[in-house]
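Participant: Below is the structure I would like to discuss, written out as structure tokens.
The values are calculated or read from the model by the stated rules, or taken from the named source; none is laboratory data. As the structure is a computational prediction, the values presented were derived from the model and not from experiment. Positions of Cβ are generated from backbone atoms using ideal geometry, with glycine treated the same way; all protein chains shown enter the neighbour counts. Accessible surface is based on the protein model in full, side chains and every heavy atom, while ligands, DNA and RNA are left aside. Shrake-Rupley method; radii C 1.70, N 1.55, O 1.52, S 1.80 Å.
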Amino acid sequence: MGLIRLGNKPPLIVAPQASVVDAARAMTERQVGAATVGEGGAVLGVVTERDMRSEEHTSELQSHSFISY
């Protein structure tokens, strides 16, 4: 499955090894509310501002990358 450009900006893609802090920083710099987690042209998932703000997941997310098993 590929990515579709919906606006005038290319999609923000972060590597699964990226830290949540790095992804949040990139999202802030690009002024977007979500980032695609992808590698080698494959879409592995999506992370959103809401995911990062969720009290239930915040402490877990701060210390991990996007790789999950």
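Participant: Scan the range 9-23 residue by residue and report those that are in a helix (DSSP H, G or I) and either at pLDDT 90 or above or touching a strand residue (DSSP E or B) at 6+ places or on another chain (Cβ under 8 Å) (or both).
Facilitator: The initial filter retains those residues of the range 9-23 that are in a helix (DSSP H, G or I), namely 20-23.
Val20, Asp22, Ala23 - these are the residues of the range 9-23 that are in a helix (DSSP H, G or I) and either at pLDDT 90 or above or touching a strand residue (DSSP E or B) at 6+ places or on another chain (Cβ under 8 Å) (or both).
Participant: Taking Ser54 and the conditions (1) open to solvent by 40 Å² or more (accessible area, probe 1.4 Å); (2) more than 11 Å from the chain's Cα centre (by Cα); (3) at pLDDT below 75, which numbered condition does it fall short on, given that it satisfies the others?
Facilitator: Only one criterion is unmet by Ser54, namely (1).
Participant: Which one is farthest from Gly7 (Cα to Cα), of the residues in the range 18-42 that are open to solvent by less than 50 Å² (accessible area, probe 1.4 Å) and among the β-branched types (Val, Ile, Thr)? Walk me through how you get there before you give the answer.
Facilitator: Residues of the range 18-42 that are open to solvent by less than 50 Å² (accessible area, probe 1.4 Å), as a first pass: 18-20, 23-24, 26-27, 32-38, 42.
Then keep just the ones that are among the β-branched types (Val, Ile, Thr); that gives 20, 32, 36-37.
Numbers: Val20: 24, Val32: 11, Thr36: 15, Val37: 19 Å.
Filtering first and then ranking leaves Val20.
Participant: Still on this structure, please answer the following. Can you find a residue that is open to solvent by less than 70 Å² (accessible area, probe 1.4 Å), modelled with pLDDT of 75 or more and assigned to a helix (DSSP H, G or I) anywhere in the range 58-65?
Facilitator: no
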